[in-house]
Amino acid sequence: MRHSHNRYRFPSRPDLTPRGHALAAGAGAGTLNTMTKLILGSRNKKKLREMLDLLGDLGLDLSDLTPYPDAPEVAETAGTFVGNATLKATTLAPVLRAWVIGEDSGLVVPALGSDPGVDSALYAGKHGDDAGNNAKLLAELAKLPPGADRSAYYISTAVLSDPTGKVVATTEGRCHGVIVDELRGAGGFGYDPLFLVPEYGKTFGELPPEVKQAMSHRAKAFAQLRPALERLGRRPPV
């Protein structure tokens with residue numbers, strides 16, 4: 001869902017310079033960070049960590065929304081991964097006057113009618129309740145007949161917006177696996193301890209972070225953004 005760019009322009013809005021980044025009084029202009037800012041439209045530190053690991057070599061000033069406490073919360077009302085990611089990117093970019101990646105991701109289990117889907121983060125009712133979400137997923141799968149298909153896939157959609165709110169790139173990554181019947185491993189987050197990667201015979205919760213990052217849904221989506229981001233890294237800062 002594309003919104004009118006002018007709808008989100010707030011010329012009279014207070015300066016949303018990130019906290020802690022203001023130029024100290026009397027400091028010279030040369031102390032300012034001259035790298036182009038790229039903001040992940042999320043406050044999820046684990047997603048930020050993945051972005052830093054995946055894109056940290058591009059010469060961009062990467063952050064999430066934490067330094068921008070006045071940034072608006074964007075309701076994920078589009079009903080699709082790409083729609084939610086687009087809402088985040090095109091809403092936040094003009095407000096922050098910066099390049100923004102809107103990302104939406106989740107787990108899809110075809111045998112459960114594609115649930116948890118876009119509601120993956122609040123499947124059990126409370127946003128970000130990993131333990132509750134995993135428990136509900138196991139409970140729902142337990143209702144299926146013996147031998148039912150437990151295949152699943154993670155999906156990530158990433159949308160890059162320029163500072164005016166114009167979408168520059170949209171990518172999607174998927175990682176296929178199987179849901180096991182008990183938690184395995186303490187790594188990762190979300191449904192990772194239940195998501196078995198057949199090639200390794202281990203869940204994302206058991207695999208080392210570098211292995212997950214090489215093959216995860218988010219890694220695949222962000223990898224497809226790299227050509228656009230490499231060009232961005234060569235541009236003068238906004």
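The values are calculated or read from the model by the stated rules, or taken from the named source; none is laboratory data. A quick note: this is a predicted structure, and the numbers were derived from the prediction, not measured. Glycine also receives a Cβ, built like all others from the backbone with ideal geometry; neighbour counts cover every protein chain displayed.
Tallying residues that are closer than 13 Å to residue 209 by Cα and exposed (fewer than 14 other Cβ atoms within 10 Å of the Cβ) within the stretch 53-64 yields 0.
Filtering the stretch 207-214 for residues that are part of a loop (DSSP other than H, G, I, E, B) and surrounded by fewer than 17 Cβ atoms within 10 Å (Cβ to Cβ) leaves a non-empty set. Considering only residues in the stretch 132-159 that are touching a residue at least 40 places away in the same chain (Cβ under 8 Å) and either of a type in the set (S, T, N, Q) or part of a loop (DSSP other than H, G, I, E, B) (or both), the one that is nearest to residue 96 (Cα to Cα) turns out to be 157.
A quick yes/no check of all residues on (1) at pLDDT 90 or above; (2) not aliphatic (A, V, I, L, M):
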residue	(1), (2)
190	yes, yes
195	yes, yes
214	no, no
222	yes, yes
236	no, yes
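Looking only at the stretch 160-168, decide whether some residue is hydrophobic (A, V, I, L, M, F, W, C), surrounded by fewer than 23 Cβ atoms within 10 Å (Cβ to Cβ), under 21 Å from the mean Cα position of the chain (by Cα) and not in a strand (DSSP E or B). No, the stretch 160-168 contains no residue that is hydrophobic (A, V, I, L, M, F, W, C), surrounded by fewer than 23 Cβ atoms within 10 Å (Cβ to Cβ), under 21 Å from the mean Cα position of the chain (by Cα) and not in a strand (DSSP E or B). Taking the criterion of being surrounded by 14 or more Cβ atoms within 10 Å (Cβ to Cβ) and not acidic (Asp, Glu), the residues of the stretch 115-134 that qualify are 116, 117, 118, 120, 121, 122, 123, 124, 132, 133, 134.
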